[in-house]
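Novice: To start, I am sharing the structure in question, which I have written as structure tokens.
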There are 2 protein chains.
Amino acid sequence: MTKDEFITKGNELLKYSKLIYVGSVDETGFPNIKCMFNLSNENINKIILSTNTSSKRVKQYIKNNKACIYLCDDAKFQAINLTGFIEICSDYASRKALWREGFEMYYPQGINDPDYSVLKFTAKAGNIYSNLSNETFDL
Amino acid sequence: MTKDEFITKGNELLKYSKLIYVGSVDETGFPNIKCMFNLSNENINKIILSTNTSSKRVKQYIKNNKACIYLCDDAKFQAINLTGFIEICSDYASRKALWREGFEMYYPQGINDPDYSVLKFTAKAGNIYSNLSNETFDL
């Protein structure tokens, strides 16, 4: 597989994943996983996700911005693990871009709710598991 | 929720999870996620999983045995993240306990295939996300 084929495959998998798995490293060095909704993402190199500013996850990424995002197609036994960095965006433009109807359930004050933030993930490498083999690419 | 209720909930979630998400920290400090088959596990405190001895995951756990296991019930918006330690077991008893028909696809030489290993996870803490709130317990 070439790097371009990997990116195409990753973007395809991302586009059709309603849920994605996001990894962080906590203050005591343990990995943590959280399942998050995937909205508006079509490019594995830059993935944006909404979250609570007060969440454990945000506190973890402020201290350690190393992250991973895992995309999985169970039916095809294909999976991609992306490693990269998370940036916490609290600017209005990022928050508006991700806002969806129904988010009031999580953020009662709407787009300006101080507890609403956006995580921006930038991939630096990716690993694909497919047909019982693994390949890794720098991005 | 009490600690006992957490354990009961976790064991229930584990029992019905065909797939679980396993986290590690790689040599450069990035979290990594892998989806694995859940076989024979009924107790969140000790979870066993089969894997290839030659896999990246095994190399990572030899260097850094801090791990997490994530269990998720998408329909109920409930999820548990367990943090703990992974031990790599290559003894015959552990390998036999986890062996299943069809594993020859992954390990052509059978139970004694040197590429077949068992990971034993011992939880030290757990976090539950349910009804929009988080609770953490020492295990």
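Novice: Residue by residue through the stretch B:107-124, note down the ones that are of a type outside the set (Val, Ile, Thr) and touching a Cys at 6+ places or on another chain (Cβ under 6 Å).
Specialist: If the condition is that a residue be of a type outside the set (Val, Ile, Thr) and touching a Cys at 6+ places or on another chain (Cβ under 6 Å), then B:Lys120 is the only one that fits.
Novice: Can I ask one more? Pick from B:Gly102, B:Gly84: which is open to solvent by less than 60 Å² (accessible area, probe 1.4 Å), touching a Phe, Trp or Tyr at 6+ places or on another chain (Cβ under 7 Å), within 14 Å of chain A (Cβ to nearest Cβ) and among the small types (Gly, Ala, Ser)?
Specialist: B:Gly84
Novice: I'd like the full set of residues that are among the hydroxyl-bearing types (Ser, Thr, Tyr) and either modelled with pLDDT of 90 or more or more than 20 Å from A:Cys68 (Cβ to Cβ) (or both), limited to the stretch B:53-104.
Specialist: B:Thr53, B:Ser54, B:Tyr61, B:Tyr70, B:Thr83, B:Ser90, B:Tyr92, B:Ser94
Novice: Which members of the stretch B:1-21 meet the condition of being of a type in the set (Phe, Trp, Tyr) and either open to solvent by 40 Å² or more (accessible area, probe 1.4 Å) or within 14 Å of chain A (Cβ to nearest Cβ) (or both)?
Specialist: Scanning the stretch B:1-21 gives B:Tyr16, B:Tyr21.
Novice: Let me ask another. State yes or no: is A:Cys72 under 12 Å from the mean Cα position of the chain (by Cα) and within 11 Å of another protein chain (Cβ to nearest Cβ)?
Specialist: No.
Novice: In the stretch A:90-139, how many are among the β-branched types (Val, Ile, Thr) and touching a residue at least 24 places away in the same chain (Cβ under 8 Å)?
Specialist: 3
Novice: So, in the stretch A:22-33, exactly how many residues are touching a Lys or Arg at 6+ places or on another chain (Cβ under 7 Å), within 12 Å of A:Ile86 (Cβ to Cβ) and either of a type in the set (D, E, K, R) or within 7 Å of chain B (Cβ to nearest Cβ) (or both)?
Specialist: The number of residues fulfilling the criteria is 2.
Novice: If the Cβ limit is 8 Å and pairs must be 6+ apart or interchain, which residue in the stretch A:44-69 that is more than 10 Å from every other protein chain (Cβ to nearest Cβ) pairs with which residue that is open to solvent by 60 Å² or more (accessible area, probe 1.4 Å) and among the polar types (S, T, N, Q)?
Specialist: Between residues of the stretch A:44-69 that are more than 10 Å from every other protein chain (Cβ to nearest Cβ) and residues that are open to solvent by 60 Å² or more (accessible area, probe 1.4 Å) and among the polar types (S, T, N, Q), the close pairs are A:Ile48/A:Ser40; A:Thr53/A:Ser90.
The values are calculated or read from the model by the stated rules, or taken from the named source; none is laboratory data. Fair warning: this is a prediction, and the values are worked out from it, not measured in the lab. Every residue, glycine among them, receives a Cβ derived from its backbone with ideal geometry; neighbour counts consider all protein chains shown. The protein model used for the area step is the full one, side chains on, heavy atoms only, and it has no ligands, DNA or RNA in it. Shrake-Rupley method; radii C 1.70, N 1.55, O 1.52, S 1.80 Å.
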